[in-house]
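The values are calculated or read from the model by the stated rules, or taken from the named source; none is laboratory data. Here the structure is a predicted model, which means the values were calculated and not measured. As a convention, Cβ positions derive from the backbone with ideal geometry for all residues, glycine included, and neighbour counts pool all protein chains shown. Just the protein is used for accessible areas: all its heavy atoms, side chains included, with ligands, DNA and RNA removed. Shrake-Rupley method; radii C 1.70, N 1.55, O 1.52, S 1.80 Å.
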Amino acid sequence: ARSKEPFIAVNCAAIPGDVMERELFGYRGSSGQAFHHGFAERARGGVLFLDEVSELALPLQAKLLRLVEAREYHRVGGEQQIQFHGRIVCSSNRSLAALVSENRFRADLFYRINALTIEIPPLRSRGEDIPWLVSRFMDQFASIDGKGPRGISTLAQEIALEHLWPGNVRELRNRVERAVALTKTEW
């Protein structure tokens, strides 16, 4: 039902804490009339994806909790309550449960957003995904200028399958991008 609605992805680690509240909830403009629509408002009835939600400051977590529980929020500097009709999806590369036990993530927010957990194992645990990912990344980078290698050699594929990929898919993507950019042959 939400497929035609917006998917708004927010990297919580990339936006400074003092700016994040205004970007997430929007704010009333300096003229008193104009508004900046935040990510929550732009999501409308779609999905608000909070990537690296573990990086939100504790005071902002409290405001996010209100959004999750009451399905409403206020713009910064605004008085009007705004209804939120979207779905919230969160991700983190750290264990939120561990952060709760360290008092670095609000327990009440954790229990509200933890309705469904999908653990994605590291790339080293799912080697069967590596050939598909390599192929996808090669197609992506080769299509930038219409040139590039025809494919990956058997030796390169064996090495990719043996590597532990501590940087997960981001590391694999970077390595493929570099290989496509630097190769002097068709493989």
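Asn114: net charge of surrounding residues, Cβ under 15 Å, Lys/Arg +1, Asp/Glu -1, itself excluded?
Net charge around Asn114: +1.
Please turn the phi angles of the stretch 72-85 into ³J(HN,Hα) values with the Karplus equation 6.51 cos²θ - 1.76 cosθ + 1.60 (θ = phi - 60°), one per residue in order, whole Hz, x for glycine and proline.
Couplings: 8, 7, 10, 5, 5, x, x, 10, 7, 6, 10, 7, 10, 10 Hz.
Using the heavy atoms of the protein chains alone and a 1.4 angstrom probe, what is the accessible area of the chain per residue in square angstrom?
Roughly 63 Å² per residue, with all protein chains present.
Percent of accessible area on the chain owned by carbon and sulfur, 1.4 Å probe?
The value for the chain is 52 percent carbon and sulfur by accessible area.
Between Cys90 and residues 5 or more places away or on another chain, which pairs have amide H atoms under 5 Å apart, with H built 1.01 Å from N, and which residues are they?
For Cys90, whose amide H was placed from the backbone, the distant partners under 5 Å are Leu50.
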